[in-house]
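One structure is given here, and the rest of the page talks about it.
The values are calculated or read from the model by the stated rules, or taken from the named source; none is laboratory data. The model shown is predicted, which means the values in this text are computed figures rather than measured ones. We place every Cβ from the backbone using ideal geometry, glycine too, and count neighbours over all the protein chains shown.
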Amino acid sequence: MNPDQLLTDKRDLVSWLESGSRPKSEWRMGTEHEKFGFCVDTLKPLPYHGERSVRAVLEGLASQFDWETVYEDDLPIALKKADGCSITLEPGGQLELSGALLDNLHETCNEVNTHLAEVRAVAEPLGVGFLGMGFHPTARREDIDWMPKARYVIMRNYMPKVGSMGHDMMKRTCTVQVNLDFASEADMVAKFRASLALQPIATALFADSPFVEGKPSGYLSYRSQVWTDTDNNRTGMLPWVFESGMGFERYVDWMLDVPMYFVRREGRYIDVAGKSFRDFMAGKLPGLEGDYPRLADWEDHLTTAFPEVRLKRFLEMRGADGGPWRRLCALPAFWVGLLYDEDSLAECLEISKSWTLPERQKLREDVARVGLKAEIQGQTVRDIARRLLQLARQGLANRQRFNAAGDHEAGFLNNLEETIDRGTTPAEVKLAAYEGPWQGDISKVFKEYAY
């Protein structure tokens, strides 16, 4: 379908999602991660402008490495490569790598390592560092610059109308996610249900945001807590995914009712926040009467929903805090091992099939506070996670993707298995250091955990 194709029939939207289906031999993975930039001497967040800034990092990467600069109003706001890899800016200047579509985890980890080495080569001479955590450990909202992107202005104005923590989500959170393929509608539904039910387990395993403005917050994943009051019309655990009739059309129906943010026309962002995509398809969008959406508008609209698992022409796993480089490789290893192997996927569905909507919702809320100690139906998250890691390890072994040393992909799970053996989340490790050897000095988190 052409990006400029007019959309007036819901069936076009369904067909476009379904066109993402591909045979198992063509399944790939795309990994994304975000990180906070800071000035090494002051530990303050990077502004957009200045000698030590987000802009300086982007311009350094473009001049020293093979990146093409993307501009908005003559300001650099992203970098891209021909293979689909890109570096973009989140609203508060968080630097995001959106990786290329790759065949295996060895390639994914090489991509992450190369990216972090490039960033370090540019950042160190500037006196800049980068930190991977789920929520900024020290900065207040007002300490962080807004990035000069028009879509963020629209979101910034709209968010406070629908939740109390939207600006926190935009400015102070970081995540790691992996995007995965499906073979058919039935395969999509099975993967969606399994990953959505089990997303809280990933939240616990990757929980790494215990501090807010320099103090313990009472949560292990404050990033996850932020999402509970950002905008409930476009977030959460999507209970209808588990109902009969789930499929591409059901997701389209939901997205048609997710309020819009913007429409792009001739390079301009037009604020239509809160308006209906259904009205847009009928040519009745207030302010744009007689205009109809193009495919590019639908693609834009799909990016404005933020559930724990998101459907485009692939599935996005969205429940994990950002973290250090080993966990940037562990997250795709976890989900690829579970969802790309038929036996592992079937067992995931079996593990979670009796969980009720209230139990799934409570689990999501509990893991943000207590991590691996949360329970569902008498089982701890730690025990469920241990079983899932066994399934993921077997699923990765079955894939038979080897590196030059003859190792298959399951080694990328080692970091998560250490977490399970220890029985404490990464957040609890930091809290123990804060209360012990750091003696309440939160600045140590930057010194000990920067990339």
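Which fully enclosed helices (runs of 4 or more DSSP H) of the range 315-373 have 1 or more residues being in contact (Cβ under 8 Å) with a residue 12 or more places away in the chain, in contact with a His (Cβ under 7 Å, 6 or more places away or on another chain) and within 16 Å of Asp383 (Cα to Cα)? First the steps, then the outcome.
Values: elements: 325-339, 342-352, 357-370.
In the range 315-373, there are no helices (runs of 4 or more DSSP H) which contain 1 or more residues that are in contact (Cβ under 8 Å) with a residue 12 or more places away in the chain, in contact with a His (Cβ under 7 Å, 6 or more places away or on another chain) and within 16 Å of Asp383 (Cα to Cα).
Tell me, which residue of the range 166-206 that is of a type in the set (Asp, Glu) and in a helix (DSSP H, G or I) is surrounded by the most Cβ atoms within 10 Å (Cβ to Cβ)? Walk me through how you get there before you give the answer.
So the first thing to find is which residues in the range 166-206 are of a type in the set (Asp, Glu), and the list is 168, 181, 185, 187.
Narrowing the set further to residues that are in a helix (DSSP H, G or I) leaves 168, 185, 187.
Working: Asp168: 23, Glu185: 16, Asp187: 17.
Here the residue is Asp168.
Being in contact with a helix residue (DSSP H, G or I) (Cβ under 9 Å, 6 or more places away or on another chain), within 19 Å of Leu331 (Cβ to Cβ) and not acidic (Asp, Glu) is the filter here, so list the residues in the range 75-101 that pass it. If you could, list the steps in order and put the result at the bottom.
First, the residues of the range 75-101 that are in contact with a helix residue (DSSP H, G or I) (Cβ under 9 Å, 6 or more places away or on another chain): 75-79, 85, 87, 89-95, 97, 99-100.
Those left that are additionally within 19 Å of Leu331 (Cβ to Cβ): 85, 87, 90, 94-95, 97, 99-100.
Within the range 75-101, Cys85, Ile87, Gln94, Leu95, Leu97, Gly99, Ala100 qualify.
Please work out which one of (1) basic (Lys, Arg); (2) in contact with a helix residue (DSSP H, G or I) (Cβ under 7 Å, 6 or more places away or on another chain); (3) surrounded by fewer than 18 Cβ atoms within 10 Å (Cβ to Cβ) is the condition Arg11 fails and give its number.
(2)
Residue by residue through the range 38-61, note down the ones that are of a type in the set (Phe, Trp, Tyr) and within 25 Å of Glu448 (Cβ to Cβ).
Phe38
Collect the residues in the range 52-71 that are in contact with a helix residue (DSSP H, G or I) (Cβ under 7 Å, 6 or more places away or on another chain) and touching a residue at least 24 places away in the same chain (Cβ under 8 Å), keeping them in residue-number order.
Taking the range 52-71 as the starting set, the residues that turn out to be in contact with a helix residue (DSSP H, G or I) (Cβ under 7 Å, 6 or more places away or on another chain) are 52, 56-57, 60-61, 64-65, 67, 69.
Result: Arg52, Ala56, Val57, Gly60, Leu61, Gln64, Phe65.
Do any helices (runs of 4 or more DSSP H) entirely within the range 399-451 hold 2 or more residues that are of a type in the set (Phe, Trp, Tyr), and if so, which?
Numbers: elements: 414-422, 426-435, 444-449.
Of the helices (runs of 4 or more DSSP H) lying wholly inside the range 399-451, those with at least 2 residues that are of a type in the set (Phe, Trp, Tyr) span 444-449.
Go through Asp291, Asp341 for me and flag whichever is more than 21 Å from the chain's Cα centre (by Cα), under 20 Å from Arg399 (Cα atoms) and crowded, with 16+ Cβ neighbours inside 10 Å. Before the answer, list the steps.
Numbers: Asp291 fails: under 20 Å from Arg399 (Cα atoms).
That would be Asp341, the only listed residue that is more than 21 Å from the chain's Cα centre (by Cα), under 20 Å from Arg399 (Cα atoms) and crowded, with 16+ Cβ neighbours inside 10 Å.
Looking at this structure, is Pro148 more than 20 Å from the chain's Cα centre (by Cα) and part of a loop (DSSP other than H, G, I, E, B)?
Details: more than 20 Å from the chain's Cα centre (by Cα): yes; part of a loop (DSSP other than H, G, I, E, B): yes.
So Pro148 fits the description; yes.
As an exercise: evaluate Glu249 against (1) assigned to a helix (DSSP H, G or I); (2) of a type outside the set (Phe, Trp, Tyr); (3) under 29 Å from Leu357 (Cβ atoms); (4) within 20 Å of the chain's Cα centre (by Cα) and give the number of the one condition it does not meet.
For Glu249, the failing item is (4).
Could you tell me how many of the residues in the range 259-281 are without any contact (Cβ under 8 Å) to a residue 24 or more places away in the chain and in a loop (DSSP other than H, G, I, E, B)?
Qualifying residue count for the region: 5.
Filter the range 156-184 down to the residues that are of a type in the set (A, V, I, L, M) and under 21 Å from Leu311 (Cα atoms), then identify the one that is nearest to the chain's Cα centre (by Cα).
Taking the range 156-184 and keeping what is of a type in the set (A, V, I, L, M), we get 159, 162, 165, 169-170, 176, 178, 180, 183.
Keeping just the survivors that are under 21 Å from Leu311 (Cα atoms) gives 169-170, 176, 178, 180, 183.
Working: Met169: 12, Met170: 12, Val176: 5, Val178: 7, Leu180: 13, Ala183: 22 Å.
Looking at the filtered set, the residue picked out is Val176.
Could you check Glu34 against (1) out of contact with any Phe, Trp or Tyr (no Cβ under 7 Å at 6 or more places or on another chain); (2) over 30 Å from Glu249 (Cα atoms); (3) free of Cβ contacts under 8 Å to residues at least 24 places away in the same chain and say which number it fails?
Status for Glu34: all satisfied but (3).
Just wondering, is there one or more residues in the range 243-258 that are more than 30 Å from Ala197 (Cβ to Cβ), in contact (Cβ under 8 Å) with a residue 40 or more places away in the chain and surrounded by 19 or more Cβ atoms within 10 Å (Cβ to Cβ)?
Here is the first cut: in the range 243-258, the ones more than 30 Å from Ala197 (Cβ to Cβ) are none.
Within the range 243-258, none of the residues are more than 30 Å from Ala197 (Cβ to Cβ), in contact (Cβ under 8 Å) with a residue 40 or more places away in the chain and surrounded by 19 or more Cβ atoms within 10 Å (Cβ to Cβ).
Which residue out of Phe206, Phe211 is touching a Phe, Trp or Tyr at 6+ places or on another chain (Cβ under 8 Å), in contact (Cβ under 8 Å) with a residue 40 or more places away in the chain and of a type in the set (Phe, Trp, Tyr)? Walk me through it before giving the result.
On the way: Phe206 fails: touching a Phe, Trp or Tyr at 6+ places or on another chain (Cβ under 8 Å).
The unique qualifying residue is Phe211.
Can you tell which of Asn415, Asn403 is over 20 Å from Glu347 (Cα atoms), touching a Lys or Arg at 6+ places or on another chain (Cβ under 7 Å) and of a type outside the set (Lys, Arg)? Explain how you work it out, then say what you get.
On the way: Asn403 fails: touching a Lys or Arg at 6+ places or on another chain (Cβ under 7 Å).
Sole residue among the options that is over 20 Å from Glu347 (Cα atoms), touching a Lys or Arg at 6+ places or on another chain (Cβ under 7 Å) and of a type outside the set (Lys, Arg): Asn415.
Just the residues that are surrounded by fewer than 20 Cβ atoms within 10 Å (Cβ to Cβ) and either aliphatic (A, V, I, L, M) or free of Cβ contacts under 8 Å to residues at least 12 places away in the same chain (or both), please, taken from the range 128-150.
Glu142, Ala150 - these are the residues of the range 128-150 that are surrounded by fewer than 20 Cβ atoms within 10 Å (Cβ to Cβ) and either aliphatic (A, V, I, L, M) or free of Cβ contacts under 8 Å to residues at least 12 places away in the same chain (or both).
Any residue at all in the range 367-390 that's surrounded by 15 or more Cβ atoms within 10 Å (Cβ to Cβ), touching a strand residue (DSSP E or B) at 6+ places or on another chain (Cβ under 6 Å) and at pLDDT 95 or above?
yes
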